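Here's the structure, in structure tokens; my notes come after.
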Amino acid sequence: MRLDVGQFLDDVTERSAVHYVDAVNEMSANAMVGNAPGLRAARLELEGVIRETVGTAEILGAGITLQKSASVLGGTGASLRGDRSRMVAFAGTTIQTVLPHHTFNEAIEALVDRTPKTIRAAAERTAQAIAKLYGESSQPIIAFARAAEASVTKHAQATIADLIRSGSSEVDAGARLAKDINAMRKRSRKWSASYSRMVFRTNVNTGATAGRFRQARDPDIAEVIPGFVIDAILDSDTRSNHAAANGIRMKTRDPRWAHLACPLGWNCRCDLVEVTVFDDTDWTRNIPGGAHPDAGFRHGGRPDLMLAGKS
């Protein structure tokens, strides 16, 4: 099942995207006026927004993998016949548009409650792991927020440089910027919205991919979902290295995922699709030479391991 990241962003969790914009814009305004305490407070706020978004996206990804497992198990015969009706009902639900209506904690509960009892233990184990991971101070989440701070600082420096080029001295430019932080918030809003949208889309993809891997690692689900295949959107906007990765099919624990797990770049639209025990298991032997992440894109390994600080 394809996770439509664009729909997830635009139609379902606009409130989360707005929180990204607000936090980034506050960082930008404080960076422009040189308010270090304000900049730090805004970064900490962004950390919380990122933690909530990536964590909820993990639940979304885990739910989709559970959903695919249920669709397979629902037709496997007598051993699961007693719960077959609930299996089929769960497999027919749209996890993508159900879970994001909840807060993170509610989504954790919903992940378990909506899972058929036959595979509920797998859902419970993953839910506990996700709750623990995002309930703690996560170094990868902190790193995401610090990367945003670096981009914001660079934008603020560019704004000051523009004022200097327009005829202001550096001292005058700094004085003009520091005069009214509300004006700086208004000035940086458009840039903050564009930047936040890109970061939000990428973080959602990272979290959803992590959730899929984390759930597929569970021994109960591994028997049903042994691997994933990369599904790229092949249109005129698709980057050549992303198109080259389309169709790569590998087992969940294949070490090559450390270099190829989605997202492969900012605003990446590639997705993972579960490979079931009944699908064609002609696993990819040789990775196409053109298949790789975008140059310079952070890619610290498989997202589930990276977010747990294990890659």
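The values are calculated or read from the model by the stated rules, or taken from the named source; none is laboratory data. Here the structure is a predicted model, which means the values were calculated and not measured. Backbone-built Cβ (ideal geometry, glycine too); neighbour counts: all protein chains shown.
See the values below:
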read-out	value
Residue that is surrounded by the most Cβ atoms within 10 Å (Cβ to Cβ), among those in the range 104-159 that are touching a residue at least 24 places away in the same chain (Cβ under 8 Å) and of a type in the set (Lys, Arg)	114
Within the range 241-262, considering residues that are in contact with a strand residue (DSSP E or B) (Cβ under 8 Å, 6 or more places away or on another chain) and not in a loop (DSSP other than H, G, I, E, B), the one farthest from residue 117 (Cα to Cα)	245
Any hit, the range 285-301, residues being of a type outside the set (Lys, Arg) and under 24 Å from residue 69 (Cβ atoms)	no
Qualifying residues in the range 224-235 (those that are in a loop (DSSP other than H, G, I, E, B) and of a type in the set (Val, Ile, Thr)) - the one farthest from residue 50 (Cα to Cα)	224
Residue count for the range 114-140, restricted to those that are assigned to a helix (DSSP H, G or I) and more than 22 Å from the chain's Cα centre (by Cα)	5
Hits in the range 242-273 (condition: of a type in the set (S, T, N, Q) and modelled with pLDDT of 95 or more)	246, 252
Residue ID - surrounded by the fewest Cβ atoms within 10 Å (Cβ to Cβ), chosen from residues in the range 12-44 that are under 17 Å from residue 107 (Cβ atoms) and either modelled with pLDDT of 80 or more or among the charged types (D, E, K, R) (or both)	15
Extreme residue, nearest to residue 46 (Cα to Cα), among residues of the range 149-191 that are among the hydroxyl-bearing types (Ser, Thr, Tyr) and modelled with pLDDT under 80	159
Set 206, 238: member being touching a residue at least 24 places away in the same chain (Cβ under 8 Å) and in a helix (DSSP H, G or I)	206
Near pairs, Cβ below 8 angstrom, 6+ apart or cross-chain, from the range 210-229 (more than 14 Å from residue 66 (Cβ to Cβ)) to any residue that is in a helix (DSSP H, G or I) and among the β-branched types (Val, Ile, Thr)	210/54
Options 221, 287: the member that is modelled with pLDDT of 90 or more and not in a helix (DSSP H, G or I)	287
Cross-chain or 6+ apart pairs with Cβ under 6 Å, the range 57-72 first and among the charged types (D, E, K, R), then crowded, with 24+ Cβ neighbours inside 10 Å	58/130; 58/207; 58/210; 58/211; 68/274
Subset of the range 192-212 that is among the β-branched types (Val, Ile, Thr), closer than 15 Å to residue 270 by Cα and at pLDDT below 90 - its residue that is surrounded by the most Cβ atoms within 10 Å (Cβ to Cβ)	204
In the range 271-290, residue nearest to residue 233 (Cα to Cα) [restricted to those that are touching a residue at least 60 places away in the same chain (Cβ under 8 Å) and surrounded by 15 or more Cβ atoms within 10 Å (Cβ to Cβ)]	271
Identity of the residue in the range 294-311, of a type outside the set (A, V, I, L, M) and farther than 21 Å from residue 244 by Cβ, that ends up modelled with the lowest pLDDT	311
